[in-house]
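Only one structure is covered here, and it is reproduced in the block below.
The values are calculated or read from the model by the stated rules, or taken from the named source; none is laboratory data. Just so it is clear, the structure is predicted and the values come from calculations on it, not from any experiment. Cβ placement follows ideal geometry from the backbone for every residue including glycine, while neighbour counts extend to all protein chains displayed.
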Amino acid sequence: MIEFLFAQYKDYPNYLIALELIAVVFGVISVLFARKNNILVYPTGLVSTILYVYILFEFQLYGDLIINFYYTIMSVLGWYLWSKTKDGAEEFPISTINQKDFLISTLIFIITLTFVVLVYHFFDKFTHWTAYVDALTTGLFFVGMWLMAKRKIENWILWIIADAISIPLYFYKGLTFSSFQFILFTIIAILGYKEWKRFLQKTI
């Protein structure tokens, strides 16, 4: 069983394995902070996303690289938005999406999907089913990160769907540690949705 799960790592440089483990640990810590509505989600998340940008470049997984580059930018934006206050209260508290948020989210998804497809075609990487799944999850993750930066509870729904899809996808790609990370992400996302929903019910 161990051989089946981790055999691919025997051909990887030790430094890449170490970087992936560090990225996984900080990624999990970041999502735990997100569940608790804690602004530390962003500085810890930045460590993970920056490391993944490098790792995924080495593995030529351009769709996932784009995701993590975008995460890095959105983490800076989210950090700024979550730190803003108005009259002593959070300017962007936990809330649900409105029609404008939905339209922006739909636009982000379509633009992202189109962009990733073009990138894969440019690098001649649209030759396997994983590229299509990668394009889909990229779109979902982009919208999820945007909604998280705006503290919209629906971000968790997108994380749950995209994380669950990513579990077998990352294992197939040869990143077993990252696959295990997405198992944790899926569980934490479910718990995060429930926790944010309880918070919303208290404020109504």
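Determine which member of the set 89, 162, 131, 149 is touching a helix residue (DSSP H, G or I) at 6+ places or on another chain (Cβ under 9 Å), modelled with pLDDT under 85 and either small (Gly, Ala, Ser) or on the phi > 0 side of the Ramachandran plot (or both).
Details: 89 fails: touching a helix residue (DSSP H, G or I) at 6+ places or on another chain (Cβ under 9 Å); 162 fails: modelled with pLDDT under 85; 149 fails: modelled with pLDDT under 85.
It is 131.
Identify all residues within region 120-141 that are more than 25 Å from residue 154 (Cβ to Cβ), touching a residue at least 24 places away in the same chain (Cβ under 8 Å) and either under 19 Å from the mean Cα position of the chain (by Cα) or surrounded by fewer than 18 Cβ atoms within 10 Å (Cβ to Cβ) (or both); write none if there are none. Write out each step before concluding.
Step one: filter region 120-141 for residues more than 25 Å from residue 154 (Cβ to Cβ), giving 120-131.
Okay, now just the ones that are also touching a residue at least 24 places away in the same chain (Cβ under 8 Å), so 120, 123, 125, 130-131.
Across region 120-141, the qualifying residues are 123, 125, 130, 131.
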**OP:** Within region 10-48, work out how many residues are within 19 Å of residue 159 (Cα to Cα), of a type in the set (D, E, K, R) and touching a helix residue (DSSP H, G or I) at 6+ places or on another chain (Cβ under 7 Å).
**Re:** 1
**OP:** Would you point out the residue of region 49-83, among those that are in contact with a helix residue (DSSP H, G or I) (Cβ under 9 Å, 6 or more places away or on another chain) and not in a helix (DSSP H, G or I), that is farthest from residue 167 (Cα to Cα)?
**Re:** 59
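Could you tell me which residue of region 17-42 is nearest to residue 65 (Cα to Cα), considering only residues that are charged (D, E, K, R) and modelled with pLDDT of 90 or more?
Here the residue is 35.
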**OP:** State yes or no: is residue 103 within 18 Å of residue 66 (Cα to Cα) and out of contact with any strand residue (DSSP E or B) (no Cβ under 6 Å at 6 or more places or on another chain)?
**Re:** no
**OP:** Any residue in region 93-119 that's under 15 Å from residue 158 (Cα atoms) and in contact (Cβ under 8 Å) with a residue 60 or more places away in the chain: show its pairings with residues that are of a type in the set (Val, Ile, Thr) and not in a helix (DSSP H, G or I) at Cβ separation under 8 Å, as long as the two are six or more apart or on different chains.
**Re:** 96/153
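State whether the residues of region 84-102 include one that is part of a helix (DSSP H, G or I), aliphatic (A, V, I, L, M) and either touching a Phe, Trp or Tyr at 6+ places or on another chain (Cβ under 6 Å) or over 23 Å from residue 167 (Cβ atoms) (or both).
No, region 84-102 contains no residue that is part of a helix (DSSP H, G or I), aliphatic (A, V, I, L, M) and either touching a Phe, Trp or Tyr at 6+ places or on another chain (Cβ under 6 Å) or over 23 Å from residue 167 (Cβ atoms) (or both).
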Subject >> Residues of region 179-194 that turn out to be crowded, with 18+ Cβ neighbours inside 10 Å and either within 25 Å of residue 37 (Cβ to Cβ) or not hydroxyl-bearing (Ser, Thr, Tyr) (or both), as a count >> reply: 8
